[in-house]
Every structure is written in structure tokens, then in C-alpha cells.
Amino acid sequence: MAITRNEIGIRFAPPKTDRARNDIKAQISAKAEELALLIHALVPGSREQSEAISNLEDAVDWAHNGVDRRLVLPGEQRRVLPVLAAQAGPPAVESAPGPGEA
């Protein structure tokens, strides 16, 4: 599926830093830290331990991005970018007639 102009606007918008979103992200981070400490305590020091904690960090990053990009709080409206008219593609290239064509 092609990425829309609106989706690009959402993905590259600056993070929102209002108190409600920061509180949600702090809750996510606190629980993730708790899980990371549990993994550190129970899984022997190894590549697997490191990967588990790194992937947990990735999950937190994605969750924070979801809060910044997708969460619509009460009283807010989702910002929608205007849709541009479909642009015409490149001009058609005419090919020379092949053998037996006129």
C-alpha cells in the first residue's frame, strides 16, 4: 500500500509534549524499565539478554511514537493535510514501430 501525503505528515510531525501525552509515555517507560530489570535479573548475561532489552527499547519507542502521532485526546481534532489532486505521470514514450508494423 502506498504511503499517503497525510501519513507522511503524521510520521514526520514534531513530537507532542503536552502533559497528558507525557504522563502516558512515562507510564509506558516505567513498565518497560520494570520488565528490562526483570530480564536483566533472570536471563543470564548473553546476546539473548541484550537483544531482549534492545527489542523492548524498540517497543517503547514505537509506543511513544503511537502516542505522539495517533492519540487524539478529548477536545482535539486530528490534523488532516489537504489532499493534492493526483499528478499526471510522466509523458508516454512512443516506441518506433516494430517489423511488420506501420
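Can you bin segment 1-71 into rounded, prolate or oblate? Criterion: square roots of the alpha carbon gyration tensor eigenvalues sorted a ≥ b ≥ c, rounded for a/c under 1.5, prolate for a/b above b/c, oblate for the rest.
In terms of gyration-tensor shape, oblate.
Tabulate in residue order the Karplus-calculated ³J(HN,Hα) for segment 48-60, using 6.51 cos²θ - 1.76 cosθ + 1.60 with θ = phi - 60°, rounded to whole Hz; enter x for Gly and Pro.
With coefficients 6.51, -1.76 and 1.60, one gets 4, 4, 4, 5, 4, 5, 5, 5, 5, 4, 4, 4, 5 Hz.
Rounded to the nearest percent, how much of the accessible area of segment 1-47 (1.4 Å probe, protein heavy atoms only) is carbon and sulfur?
The computed percentage sits at 63.
Could you calculate the contour length gain from R21 to N55, that is, 0.36 nm times the residue separation minus the distance between their Cα atoms, to one decimal place in nm?
Extra length from R21 to N55 when fully extended: 10.0 nm.
State in Å² the accessible area per residue of segment 28-81; use a 1.4 Å probe, count heavy atoms of protein chains only, and round to the nearest integer.
Accessible area per residue: 75 Å².
The values are calculated or read from the model by the stated rules, or taken from the named source; none is laboratory data. If you're wondering where the values come from, they're calculated on a predicted model, not measured in any experiment. Accessible surface areas use protein heavy atoms only, side chains included; no ligands, DNA or RNA. Shrake-Rupley method; radii C 1.70, N 1.55, O 1.52, S 1.80 Å.
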